[in-house]
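Nothing in this text is a laboratory measurement; each read-out follows from the coordinates by a stated rule. What you see is a predicted model; the values in this text were computed from it and never measured. Don't worry about glycine lacking a Cβ; one is built from the backbone with ideal geometry, like all the others, and counts go over all protein chains shown.
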Amino acid sequence: MNRIREIGENIKDHPCFKGTVCYDEPMAGHTTMKVGGRASVYVVPQDPGSAAAVVLECRKNAVPLVILGGGSNVVVSDDGIDGVVLSTTGLNELSFGYEPDTVELKDLPWKKGTLVKIKCGAGTSMNDVVSFCAEKGLLGMSCFAGLPGTVGGAAYMNARCYNKEASDVISEVTYINLDKLTSNADIDIANFLEIYHNTKEDWGYKRSPFASGNFLIVSVDFLCTAVEGKDVRDFILSENAIYVNDRTSKGHFKAPSAGSVFKNNRAFGKPSGMLVDEAGLKGLAIGGAQITPWHGNFIINKGNASASDIKKLVDVAVSKVKEMTGFVLEPEIIFI
C-alpha cells in the first residue's frame with residue numbers, strides 16, 4: 001500500500017470521521033470546466049468534525065490538502081493532485097432561524113418584512129438555496145439563481161451577481177481556522193469552530209475575509225426577508241427565471257466553463273471581456289479550449305480541452321491586452 005493510500009485508509013478508519021474516501025479520483029467530474037487529472041485521495045466528510053479529522057491526518061503526515069467546493073471557479077492541473085482533496089459537498093444541510101432568536105420554521109410569525117436567517121452548509125449548492133427560498137417565500141437570493149457552485153465558494157470569493165454581492169446577504173460564517181489545528185489536537189467541535197459576524201468593511205469586490213487566510217468554511221447564514229401572500233412563491237420563481245434566462249441568453253450554459261475568467265477592474269475603464277474582445281481574441285481556440293465567440297471573458301471546454309489549453313489561452317489574453325493597453329488582467333479562476 002502506498003503512503004497516500006494509507007493516509008486515506010487512516011482517514012476512513014478515524015473514529016471521528018463520517019463520509020466517503022475515494023482513490024485516484026478523476027477531478028474532471030468535480031469541476032464545471034470538466035478538465036483535470038486524478039486526485040490521489042478524494043474525501044467527502046459529512047460533518048465539521050469529520051472535516052477536522054481529515055485536516056489533522058494531513059497535518060500529521062505533511063500531506064498537501066486541497067479544499068474544493070462545487071469546482072465552479074477552478075481548473076485542476078492535467079497532472080492531477082498528489083495529495084488529499086477535501087470536498088465540502090457533504091456539508092449540505094439547510095435549516096432556518098428567526099432573527100435574532102433561533103426557532104423552528106413552523107413557529108415563525110410570517111409577516112411582511114420578517115427577517116429570516118438561513119443556515120446553509122458550505123457544500124450546499126447556491127441553486128438549492130435559491131430554490132428553497134422560493135418555496136418558502138423568502139426574498140433576497142433571486143439574483144443568484146443559476147449561479148454554479150456552493151455556498152462556501154460564494155462566501156470565499158464574495159460572489160457578485162447583477163450588482164449584488166454575497167456579503168450583502170451574509171449574516172454569519174462558521175469556519176475552522178486550519179492554523180489552529182495542530183497534528184496533536186483533539187477533535188472537539190466546541191474548540192475549533194469559530195463564528196464570523198459580518199462586518200461589511202471586511203469585504204470588497206471578489207474579496208472576503210477568508211480568501212487571505214487558511215480557513216475552512218463550514219456553513220454560512222444568509223439573511224432574507226419573509227413576505228406574506230399566496231402568490232409570493234410564484235413571484236419569486238418568476239424573479240429567479242429572469243436571472244436564469246439572462247444567463248442562458250449570454251451563453252453561460254452552452255458549454256463547460258469556469259465562469260468569468262478575469263476580474264473587472266474599474267481603473268481600466270472597461271469590463272475585462274470588452275478588453276479581450278478589442279484585442280481581437282474572441283473565438284480564439286487552443287486545443288479544445290476556446291475564448292467564446294459571444295463573450296471575451298469566458299473560456300469554454302469544447303469537449304476535449306486540457307488544463308494546459310486553458311492556461312495558455314489565459315496567458316495569451318493577459319499578454320495581448322497588456323501589449324495593447326498596458327493593463328494587466330487579473331485571473332478570477334484558480335489554477336490548482
Column: log10 I(q)/I(0), Debye, Cα scatterers of the range 223-336, q = 0.11, 0.15, 0.23 Å⁻¹: -0.45, -0.69, -1.25
On a C-alpha basis, how far is the centre of the range 12-61 from the centre of the range 275-336 in Å? Whole number, if you could? 31 Å
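Figure the gain on full extension for D78 and D128 (residue separation times 0.36 nm, minus the Cα-Cα span) and round it to one decimal in nm. All intermediate terms of the calculation are to be shown ahead of the outcome.
On the way: separation 50, 0.36 × 50 = 18.00 nm, distance 3.03 nm.
Length gained, D78 through D128: 15.0 nm.
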Cα radius of gyration and Dmax for the range 257-296 (Å): 10.5, 33
Each label point is 7 Å from the Cα along the Cα-to-Cβ direction; what then is the distance between the points at R59 and W294, in nm? 4.7 nm
Along Cα→Cβ, 7 Å out, is where each label goes; now give me the distance between the ones at E93 and E6 in nm to one decimal. 3.5 nm
CD proxy at 222 nm, helix term only [per DSSP H run n ≥ 4: -39500 (n - 2.57); per residue of the chain; nearest 500]: -8500 deg cm²/dmol
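Excluding R3 itself, calculate the net charge of residues whose Cβ lies under 13 Å from the Cβ of R3, where each Lys or Arg counts +1 and each Asp or Glu counts -1. Please list the in-between numbers first.
Numbers: positive: R5, K60; negative: E6, E9, E57, D82.
That sum, taken over residues with Cβ under 13 Å, equals -2.
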Eigenvalues of the alpha-carbon gyration tensor of the range 15-68, times 5 and square-rooted, give semi-axes in Å, largest first, of 21, 13, 9
Need one number: nm distance between label points at N177 and I195, each 7 Å from Cα along Cα→Cβ, rounded to one decimal. 1.7 nm
